[in-house]
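What follows is a set of notes on a single structure, which appears directly below.
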Amino acid sequence: MNLRLRRLVLAISVGLLLTTSIPGPVAAQSVPYSRYTPFALWEVPIGDLPTVAKNHKLIVKAFDATMNPVRYLDAARAYGLKVVVYFSETVDYKSGTIHPSKIAPRVEKVKGHPALYGYLSVKEPSWWGISLSEMRTLYKTYRALDPYHRVIALLGDTPHFGTSRNPWGTGVANMLWVNWYPVTCYSGYYTGAAVHFPKVRAYVEKVTPWVPLWLMVQGHEYRKGNKCTPTTSQLTRQVYEGFKYLKAEGILWYTWNNPMFDRDLKRTPTLQTHMVTIMSKVRNLTF
């Protein structure tokens, strides 16, 4: 082969190498989330189910001892919704005690319902003195009564996740939700996600690698607790940080309706619209 021919072959080879290394449509879809990422909406009154069902498939609803969860589940089923139920009387947060004996009559009424997604057993236990052994008791009680539905635990206080102040371990839940409310009234946006989220993810993968991890983001304002309504860009940032740093497999919006707060998603139409936009972009892999 003469020199000219060798140079031509080399040029063609290099050209092919460069062409095949250029990112194409598949590489562009390499994002830290899935188009099937589930989204859940917290605390939707029964009358609002037709409205939220247009964009959501999963709802979280708390029930006190006077409320009938079956009626709510029936309505949710009619709109194609699944529900995570939380029976608030099973944990007394004021005294920091649990009441596993109150679980059975509630579970017996709902465990066969087709709209049931699972049970939320405990919320932010570290703030109320609910111990790791008590969380395990709640989980064991739910699973003994209904082994076919998820038991979910919601933990906050991410800086201390996995420590004695905010413990996590086996036998606590089939799914972990982490809440994150970074939009403050007095200090702006708290920027700790890049530090704390990877530590939470690493601890969960080490101790309970089979447990899915979701992020609950702030969509409310509660000035008494130094929480202000996020802007649309701050709502986007929360979801982005959840995907990037926590590797969240699901996103929960907190909260749709809560009269105790100064603002919520229901009373903030701009944020409602942006919430739907974020979900649409995730499903189209353009977020």
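The values are calculated or read from the model by the stated rules, or taken from the named source; none is laboratory data. Note that the structure is a prediction, hence the values are computed from the model and not measured. Glycine also receives a Cβ, built like all others from the backbone with ideal geometry; neighbour counts cover every protein chain displayed.
If you check 62, 53 for being more than 21 Å from residue 177 (Cα to Cα) and surrounded by 13 or more Cβ atoms within 10 Å (Cβ to Cβ), only one passes: 53.
Of all residues in segment 194-226, exactly one satisfies the criterion of being among the small types (Gly, Ala, Ser) and either under 17 Å from residue 276 (Cβ atoms) or surrounded by 15 or more Cβ atoms within 10 Å (Cβ to Cβ) (or both), namely 219. Pairing each residue of segment 60-79 that is in contact (Cβ under 8 Å) with a residue 12 or more places away in the chain with any residue that is among the small types (Gly, Ala, Ser), provided the two are 6+ apart or on different chains, yields C-beta distances under 7 Å for 60/40; 62/88; 63/88; 64/88; 73/115; 76/115; 77/115; 79/53.
Cβ separations smaller than 7 Å between residues 6+ apart or across chains give no pair from segment 180-205 residues that are on the phi > 0 side of the Ramachandran plot to residues that are surrounded by 17 or more Cβ atoms within 10 Å (Cβ to Cβ). Against the test of being more than 17 Å from the chain's Cα centre (by Cα) and aromatic (Phe, Trp, Tyr), the options 181, 245, 240, 190 yield a single qualifying residue, 190.
For residue 112, the requirement of being in a loop (DSSP other than H, G, I, E, B) and at positive phi is not met. Count of segment 124-164 residues, restricted to those that are farther than 16 Å from residue 95 by Cα, outside any helix (DSSP H, G or I) and not hydroxyl-bearing (Ser, Thr, Tyr), is 13.
Each residue in segment 117-141 was checked for being touching a strand residue (DSSP E or B) at 6+ places or on another chain (Cβ under 6 Å) and either of a type in the set (S, T, N, Q) or under 17 Å from residue 82 (Cβ atoms) (or both), and 6 of them qualify.
As a summary of the residue check, residue 99 satisfies the conditions (1) in contact (Cβ under 8 Å) with a residue 24 or more places away in the chain; (2) in contact with a Ser or Thr (Cβ under 8 Å, 6 or more places away or on another chain) except for the one numbered (1). From the list 229, 255, 277, the lone residue that is buried (at least 19 other Cβ atoms within 10 Å of the Cβ), modelled with pLDDT of 95 or more, hydroxyl-bearing (Ser, Thr, Tyr) and out of contact with any Phe, Trp or Tyr (no Cβ under 8 Å at 6 or more places or on another chain) is 229. The residue of segment 227-264 that is farthest from residue 47 (Cα to Cα), among those that are in contact with a helix residue (DSSP H, G or I) (Cβ under 9 Å, 6 or more places away or on another chain) and of a type in the set (Lys, Arg), is 244. Does segment 174-195 contain any residue that is over 22 Å from residue 241 (Cα atoms) and touching a strand residue (DSSP E or B) at 6+ places or on another chain (Cβ under 9 Å)? The answer is yes, given that some residue of segment 174-195 is over 22 Å from residue 241 (Cα atoms) and touching a strand residue (DSSP E or B) at 6+ places or on another chain (Cβ under 9 Å).
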